[in-house]
Amino acid sequence: KLDAGGGKLPDFMDWSGLTALPWFWKPFGNFGFAVAAGILLPALIALILGYFTFRNRIRGVYFTILTQALVIITTTLFIGQQAFTGGTNGVTGYSQLFGSSLASPDTKRTLYFVTVVALIAAYALCRFLVKSRFGKVLRAIRDGE
């Protein structure tokens, strides 16, 4: 989205009246950082919430209520901060990936093959896990009373 803005603010920030890029958006100009943050930040939040949830041994209906409350809080936070997140519109307007046009047949073909390779790798990993001792333990846990 930063690239689509042509060095300016992303359109949703401009619509919301921001005049400068917030400090926490600046590192996302680096693709590697953006991918790592997209994976690590949700994992870190899940780790923290899971730690407190399981440390306090929350179970049953209380666990369900807590899960729903956290979803509502997170949704409200992201939608309420439209100037920073794009709100319900999200991040839109992608036209390039690594400087290549997404409309280009070559880019589409490359993305197709990357997707096929990722699908095959995920299938192979799942197949390996199911056939391993770990998979046998998971099946025993599932089938045990």
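No value in this document is a laboratory result; all are computed from the given coordinates. Everything numeric in this text was worked out from a predicted model, so none of it was measured. Neighbour counts are summed over all protein chains in view; Cβ atoms, including those assigned to glycine, are modelled from backbone coordinates with ideal geometry.
Please identify the trypsin sites (Lys or Arg not before Pro) of region 45-119 that satisfy two criteria: DSSP loop assignment and at most 16 other Cβ atoms within 10 Å. Which are they?
Within region 45-119, the qualifying trypsin sites (Lys or Arg not before Pro) (loop, at most 16 other Cβ atoms within 10 Å) are R57, R59.
Can you pull the Kirkwood radius for region 42-88, inverse mean 1/r over Cα pairs, to one decimal in Å?
The answer is 11.9 Å.
Under the 0.36 nm per residue contour assumption, what length would be gained going from the current alpha-carbon distance of T75 and A37 to full extension?
11.8 nm
For region 5-53, compute the orientation-averaged projected area of the C-alpha convex hull (one quarter of its surface), in nm².
Taking the Cα atoms of region 5-53, their convex hull projects to 4.6 nm² on average.
If the chain between D143 and L97 were fully stretched, how many nm would it gain, using 0.36 nm times the residue separation less the Cα-Cα distance?
12.0 nm
What is the distance, in nm, between label points placed 7 Å from the Cα along the Cα-to-Cβ direction at A20 and at R55?
So the two model labels end up 3.7 nm from each other.
Suppose each label sits 7 Å from its Cα in the direction of the beta carbon; what would the A46-A122 distance come out to in nanometres?
So the label points at A46 and A122 sit 1.3 nm apart.
Which is farthest toward the positive dipole end of the chain among L77, T107, L138, measuring Cα position about the Cα centre, with Cβ charges +1 (Lys, Arg) and -1 (Asp, Glu)?
The Cα lying farthest towards the positive end belongs to L138.
Treating the beta-carbon of each Lys and Arg as +1 and of each Asp and Glu as -1, no other charges, what is the dipole magnitude of the chain about its Cα centre, to the nearest 20 debye?
It works out to roughly 760 debye.
Thinking of region 14-103 as a set of Cα atoms, what percent of all their pairs are more than 21 Å apart?
Taking all Cα-Cα pairs of region 14-103, the fraction more than 21 Å apart is 51 percent.
Taking the dipole about the Cα centre of the chain, with the C-beta of Lys and Arg at +1 and of Asp and Glu at -1, give me whichever of G29, L44, M13 is farthest to the positive side.
Positive-end residue among those listed: L44.
Among the chymotrypsin sites (Phe, Trp or Tyr not before Pro) within region 88-119, which fall in a DSSP loop and have no more than 10 other Cβ atoms within 10 Å of their own Cβ?
Passing sites in region 88-119 are Y94, F98.
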